[in-house]
Amino acid sequence: MSSASSTIDLRGSEVPSGEGTLSKISRGKGKSLALRLLGILIFLGLWQLGGQWVANNPNTKNFADFAPAQTLAALKGLVTSGSLLENAWPSLKRIALGISIALLLGIPLGVSIGRFAVLNDCTYLPFQFLRMVSPLAWMPIAVMIYPGWDSAIVFLITMAAVWPLILSSAAGVKRIDPSWLTVARNLGASEFQVITRVILPAVLYDILNGLRLAIGIAWVVIVPAEYLGVSSGLGYAINDARDTLEYDTLAAYVIAIGFIGYMLDSSCAFLNKKLNWTGES
């Protein structure tokens, strides 16, 4: 006879009960959290060792403020004074505008490429070539085309973010079961209805994955892009801290950039999980 913690399936095999499964899931989550905390402790330990080595080396002792204690103290000062928010907000606005433009361009292009084989063949080589060009390589062109630095930076962000959205949307369309489209056609759906009622809901998971990649790439690009002639943003703040030799502040901004980027990525992952109906993860 099976124990109270298990049941018998239709094939006569003993399987764990719901209570046992929940217990295993809880233990798994607890172990995962413990390992993540361990990773943070290892990172802080290595950072401290590196800071001590820098401080004890006569050739690098001027950079001792990169150590954890000085950096975290500077980070606390940036948060309490409002300087961090003051510099992060312009960067986030530029990211939001660049990503919005990339969405407006990337999703229609990607869906069209995935939907029509002729367009896919025509755009394949040009798009593969263009997406391999570093977004920062467009900087001289952006400066010549746009009258202001902000517009040039938004252009660079758009160029960084549009390709993951195009490719993920196109790949999602190509994976759609052709029978879905056939049924929609047989029910009298127009091309617009096929796209809005069948294709877009079906590729939402792929679009959100592309958006997550796009935000990650854009966040990496924003810092060097803000080295241009702007007087606000996280990139400007890092450049300014370097020029004034405030290495603790510089390191604090680096930590802040990493944390904000992590929160953006986690938000995308959460949204993807909530809106995902495909069962994929």
Residue hits (the stretch 76-102; out of contact with any Ser or Thr (no Cβ under 6 Å at 6 or more places or on another chain) and within 12 Å of ALA237 (Cβ to Cβ)) are LEU78, SER83, LEU84, LEU85, GLU86, ASN87, ALA88, TRP89, SER91
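Checking the condition at pLDDT below 60 and either in contact with a helix residue (DSSP H, G or I) (Cβ under 9 Å, 6 or more places away or on another chain) or more than 30 Å from ALA252 (Cα to Cα) (or both), which residue from LEU44, LEU10, LEU72 passes?
LEU10
For (1) farther than 19 Å from GLU226 by Cα; (2) modelled with pLDDT of 85 or more; (3) exposed (fewer than 15 other Cβ atoms within 10 Å of the Cβ), each residue gets a yes or a no:
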position: ASP243; (1), (2), (3): no, no, yes
position: GLU246; (1), (2), (3): no, yes, no
position: THR249; (1), (2), (3): no, yes, no
position: ALA252; (1), (2), (3): no, yes, no
position: ALA256; (1), (2), (3): no, yes, no
position: PHE259; (1), (2), (3): no, yes, yes
position: ALA269; (1), (2), (3): yes, yes, yes
position: LYS274; (1), (2), (3): yes, no, yes
position: GLY279; (1), (2), (3): yes, no, yes
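State all residues of the stretch 102-128 that are assigned to a helix (DSSP H, G or I) and surrounded by fewer than 16 Cβ atoms within 10 Å (Cβ to Cβ); if no residue qualifies, say none.
LEU104, LEU105, PRO108, ALA117, VAL118, LEU119, ASP121, CYS122, TYR124, LEU125, PRO126, GLN128
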Residues of the stretch 139-167 being aromatic (Phe, Trp, Tyr) and either under 21 Å from the mean Cα position of the chain (by Cα) or farther than 22 Å from SER100 by Cβ (or both), in sequence order, are PHE155, TRP163
Flagged pairs (Cβ under 9 angstrom, 6 or more apart or on separate chains; first in the stretch 85-107, in the same structural domain as SER169 (by TED's automatic domain parsing); second assigned to a helix (DSSP H, G or I) and surrounded by fewer than 14 Cβ atoms within 10 Å (Cβ to Cβ)) are LEU85/VAL79
Within the stretch 168-219, restricting to residues that are surrounded by fewer than 22 Cβ atoms within 10 Å (Cβ to Cβ) and acidic (Asp, Glu), the one that is farthest from the chain's Cα centre (by Cα) is GLU191
Screening SER190, SER232 for residues that are of a type in the set (Ser, Thr, Tyr) and either within 23 Å of ALA102 (Cα to Cα) or touching a residue at least 60 places away in the same chain (Cβ under 8 Å) (or both) leaves only SER232
For the stretch 130-139, state whether one or more residues are under 24 Å from ASP265 (Cα atoms) and of a type in the set (Lys, Arg).
yes
Notebook entry, point to check: surrounded by 16 or more Cβ atoms within 10 Å (Cβ to Cβ), of a type in the set (Ser, Thr, Tyr), within 23 Å of the chain's Cα centre (by Cα) and under 22 Å from ILE157 (Cα atoms): does that describe SER91?
Noted result: yes
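The values are calculated or read from the model by the stated rules, or taken from the named source; none is laboratory data. No experiment lies behind these values; they were computed from the predicted model shown. Every residue, glycine among them, receives a Cβ derived from its backbone with ideal geometry; neighbour counts consider all protein chains shown.
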